[in-house]
Amino acid sequence: MKAIVFDVFGTIVDWRSSLIHQFNELQKELGIELPSEVITDQWRQHYAPSMNRVRQGDVPWMGLDDLHRESLVKLLKQHGVALDEATIDRINHFWHQLDPWPDVQNGLQRLKEHYIIGTLTNGNLSLMVDVARHAKLPWDMVFCAELFQHYKPDPEVYLGACGLLRLPPEEVMLCAAHNYDLGAARALGMKTAFIPRRTEYGPHQSKDLEAEEAWDFVAEDLVALSEHLLIE
């Protein structure tokens, strides 16, 4: 194995807590009422359906920033929140300022000493660059859906990253907190590592609490994963 690519939203960054915090700060600044947790959770619920519209050919290719903004406009209208275009753009940019889980920076630095590390994400390129800079993520490469004009779990994303690395799938491992993502990678011959993020969706999370298959590696966090790999 020569390279590890990582899912980002949920696996590397705590998107939910980060968004709620930014919504709360905006409320204080503007003196408005926003149901921060509700909008955050509902916004994320639009994530997969919006990408599926693209994957199924219902709409032309759109990057995740544009899909997020469409969903946000619908949600604000649904909640009766009237904001100007600049403020809507600002809220959409919240996704560019997501904080990492506590183990991430240390874990990635350890893994980077022995492997090529990069993202394998549905986020668009500018979004992922901003997240990396904000969260101080030491990627060697940013692979994202936009490069391949496909969203995960389409095989073009996984195989596209392997192709750009000029590595066969069996020499590349996907690390993710989502079993479906790992299943798609394994079906294409990639190695797999599961990291549980049991509060990604908040206190009532009901999925991806544990590994659902015998993935190549299962570790509590990225530091533990680095220790497993060094033992191997």
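The values are calculated or read from the model by the stated rules, or taken from the named source; none is laboratory data. All values derive from a computational prediction rather than experimental measurement. Here Cβ is always computed from backbone atoms with ideal geometry, including for glycine, and neighbour counts include all displayed protein chains. Surface areas here come from the heavy atoms of the whole protein model, side chains and all, with no ligands, DNA or RNA. Shrake-Rupley method; radii C 1.70, N 1.55, O 1.52, S 1.80 Å.
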Worksheet entry | Signed unit charges on C-beta, dipole axis of the chain, positive-most listed residue GLY80, HIS134, VAL8 | GLY80
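Compute, for the chain, the length of the dipole vector about the Cα centre, with Cβ point charges of +1 (Lys, Arg) and -1 (Asp, Glu) only. Units Debye, rounded to 20.
Around 240 debye, computed over the chain.
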Worksheet item: Taking a label point 7 Å from the Cα of VAL81 along the Cα→Cβ vector, which residues of region 6-25 have an amide N closer than 19 Å to it?
Response: 15-25
Item to complete: Would you tell me the accessible area of GLU200, worked out with a 1.4 angstrom probe on the heavy atoms of the protein chains, in Å² to the nearest 10?
Response: 0 Å²
Fill in: R0 of 41 Å, Cβ-Cβ distance VAL38-MET1: FRET efficiency to nearest 0.05
0.45
Worksheet item: What number, rounded to the nearest 500 deg cm²/dmol, is the helix-based mean residue ellipticity at 222 nm of the chain, given -39500 (n - 2.57) per DSSP H run of at least four residues and division by all its residues?
Response: -14500 deg cm²/dmol
Worksheet item: Expressed as a rounded percentage, what relative contact order does the chain have, with Cα pairs under 8 Å and six or more residues apart?
Response: 24 percent
Fill in: Amide proton proximity set for PHE6, modelled H, under 5 Å, gap of 5+
GLY118, THR119, LEU120, CYS175
Discussion item. What is the distance in Å between the Cα centroid of region 192-232 and that of region 88-133?
Written reply: 18 Å
Worksheet item: On full extension of the chain, what length is gained from ASP89 through ARG198, given 0.36 nm per residue of separation minus the C-alpha to C-alpha distance?
Response: 36.2 nm
Fill in: Length gained when the stretch ALA224-HIS134 is fully extended (0.36 nm per residue, less Cα-Cα span)
30.0 nm
Worksheet entry | Charged-residue dipole, Cβ positions (Lys, Arg, Asp, Glu), region 14-94 about Cα centre, Debye nearest 20 | 260 debye
Worksheet item: Over all directions, what mean area does the Cα convex hull of region 1-147 project, stated in square nanometres?
Response: 9.5 nm²
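At 1.4 Å probe radius, can you tell me the per residue accessible area of region 178-229 in Å²?
For region 178-229, the solvent-accessible area averages 47 Å² per residue.
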Practice prompt. Report, to the nearest whole %, how much of the accessible area of the chain belongs to carbon and sulfur atoms, 1.4 Å probe, protein only.
Written response: 51 percent
Worksheet entry | FRET efficiency, GLU210 to GLN105 (Cβ-Cβ, R0 22 Å, nearest 0.05) | 0.30
Fill in: Distance between modelled label sites at LEU164 and LYS112, nm, 7 Å Cα→Cβ extension
1.8 nm
Worksheet entry | Highest-first arrangement of 29-41, 121-133, 66-78, where packing means the average Cβ count within 10 Å | 121-133, 66-78, 29-41
Practice prompt. Counting only heavy atoms of the protein chains, get the accessible area per residue of region 52-151 (1.4 Å probe) and round it to a whole Å² value.
Written response: 48 Å²
Worksheet entry | Average Cα contact separation per residue, region 14-94, under 8 Å, 6 or more apart, as relative contact order % | 28 percent
